[in-house]
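What follows is one structure encoded as structure tokens, with my remarks underneath.
The values are calculated or read from the model by the stated rules, or taken from the named source; none is laboratory data. None of the values given here were measured: they were computed from a predicted structure. Cβ atoms come from the backbone with ideal geometry, glycine included; neighbour counts cover every protein chain shown. Surface accessibility is based on the protein's heavy atoms, side chains included, excluding ligands, DNA and RNA. Shrake-Rupley method; radii C 1.70, N 1.55, O 1.52, S 1.80 Å.
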Amino acid sequence: MADSSFDVLVIGSGASGLAAAVSAQRAGGRVALATKGALQSCNSAKAQGGIQAAFGDDDSPEQHAEDVWKSSHETADRGLVEILTGEAPAAIHWLEELGVEFTRENGGYRLARCGGASRKRLLQVGDRTGHAITTALRDSAESSGIQTFPKSPLAGLARTENGWRARCGDHTIDATTVVLAAGGRCFRVAKERGELSTNHPGATGEVTQIAVDLGAEVRDFDALQYHPNGGAWPQNMQGYSIPETTRAYGAVLLNADGEEFTDSLGPRDAVSQAIVEEVEKGKGLETPDGRPAVYLDTTRVSEADANVSLPYMLRRYRAGGIDPLRERLFTYPVLHYQNGGLVIDANAETTLEGLYACGEIAGGTHGRNRMMGNSLLECCVFGRRAGKAAAEKAKT
Ligand SMILES: Cc1cc2nc3c(=O)[nH]c(=O)nc-3n(C[C@H](O)[C@H](O)[C@H](O)COP(=O)(O)OP(=O)(O)OC[C@H]3O[C@@H](n4cnc5c(N)ncnc54)[C@H](O)[C@@H]3O)c2cc1C
């Protein structure tokens, strides 16, 4: 017997789950959101760099889509990519309506070029973009009557006559439709491999497994992404993802001899691979505790750019005794993101009717290699679509 029942149940309180819940509520659904830890616990809030959308005069959603297609090595789902890039500007305006204040300059957005991008397209909120987005979405969810169940991890999901029954911690919740927004699995995988990860401890992937056990299809599931610039030293910065915007604002990768060995703004997988190979060739460095590394020469970033777009990164390193504007950083790739996931259609519905998926748990939008700044975008674009579609289906 369920202790409560709703039109739409959302699982997860990252950017995608919050966007889905807010949209489902606005579409007229009675919405519940259950999550594993506190509402604030998620990877989305840790995102620093930014979110992509084609606002530049020389840019367009088509150009953005072309960059995604190339960075994915032509493995992404083109239909999903066109939705992602086509709805990006509207998603940004929606976030602004909810209170997100993107950094601006010269009368427009401050745009940076990120790895794999042919244009400057990355919007930022200083270097705490994910924090700003999740705070605004959470405020909206909490003030709009959505019932939240923190500390209620999904442990079981079964079909019922009218929809789904979910076991979430101590609660049994019935819902006509369910949106899975429980993120990826890189924290667990890194632990199993004995590696560092940028991820939050909640990123363990059991919700994907629950969906797969019910018969949902996955794609590109083996494709895990390494962030090229994990912090390698000092110890308290190991596993920290040095924002890609350091490279967008002029930082370059150097080997032990101080030589540039790769295009520092190439696609993520290419840059990570180049670092690993440079170290294998014996041209890397070793941290004081014996870990492999190369240099990220952040001294090339201007103080003005750093103060506007990298203040959090500066604070973190300076607290550890290192000033990134005066000395190079030790860096090495670190496990970061699940590229693939549950197969979805244009409304973010999985291959199981009435079960939706959005954000990192879903596959297709990035193919086998995601570009920076497209994950927060995916959370907003497909979170909104999933919430609206789930509420509408629940009413039919
Ligand atoms: C350090 C870092 C920096 C990043 N920087 C950027 C960036 O600059 N730009 C960008 O676009 N992307 C960035 N990313 C990637 C991006 O932030 C994430 O991929 C994206 O936000 C994932 O959002 P999500 O909503 O799918 O998942 P998450 O934000 O991870 O949220 C998942 C939610 O599901 C919950 N959950 C997990 N298991 C269960 C369960 N069993 N039951 C109930 N709830 C569960 C979790 O507790 C959490 O609340 C970064 C990621 C990290 C880690």
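Quick notes on this structure:
- Cleavage-rule hits (GluC sites (Glu not before Pro)) in the range 76-115: DSSP loop, at most 15 neighbouring Cβ within 10 angstrom: GLU101
- The distance separating the Cα centre of the range 1-56 from that of the range 286-303 comes to 36 Å.
- Theoretical ellipticity at 222 nm over the chain - DSSP helices of four or more residues, -39500 (n - 2.57) apiece, nearest 500: -9500 deg cm²/dmol
- Between the beta carbons of HIS73 and GLU161, assuming R0 = 41 Å, the FRET efficiency works out to 0.40 to the nearest 0.05.
- Ordered from highest to lowest accessible area with the whole protein assembly present and a 1.4 Å probe, PHE330, PHE6, PHE382 read as PHE330, PHE6, PHE382.
- The calculated FRET efficiency for the pair ASP305 and GLU277, based on their C-beta separation and a Förster distance of 30 Å, comes to about 0.55.
- Evaluated on the chain, the Kirkwood hydrodynamic radius is 21.0 Å, with distances taken between all distinct Cα atoms.
- In the range 100-255, the ratio of gyration radius to Kirkwood radius, Rg to Rh, stands at 1.03 when only Cα atoms are counted.
- Rolling a 1.4 Å probe over the protein heavy atoms of the chain, with every protein chain left in place, gives an accessible area that is 46 percent carbon and sulfur.
- Ordered from largest to smallest accessible area (heavy atoms of protein chains, 1.4 Å probe), the residues PHE55, PHE149 come out as PHE55, PHE149.
- Among the listed pairs LYS36/LYS120; LYS151/LYS388; LYS46/LYS120, those whose Cα-Cα separation exceeds 28 Å are LYS36/LYS120.
- Reciprocal mean inverse distance between Cα atoms of the range 119-196 - Kirkwood radius, Å: 16.1
- Peptides 289-301, 338-350, 18-30 ordered by packing proxy, namely the average of other Cβ atoms within 10 Å per residue, highest first: 18-30, 338-350, 289-301.
- Restricting the range 140-215 to trypsin sites (Lys or Arg not before Pro) that sit in a DSSP loop and have at most 16 other Cβ atoms within 10 Å of their own Cβ leaves LYS151.
- Heavy-atom accessible area ranking, 1.4 Å probe, most first, across TYR356, TYR332, TYR109: TYR332, TYR109, TYR356
- Computed FRET value (nearest 0.05) for VAL212 with SER143, which takes r as the C-beta separation and R₀ as 35 Å: 0.50
- More than 21 angstrom apart: percent of Cα pairs within the range 27-138: 44
- Stretch gain in nm, segment ASP170-ALA346, where the contour uses 0.36 nm per residue and the Cα spacing is subtracted: 60.0 nm
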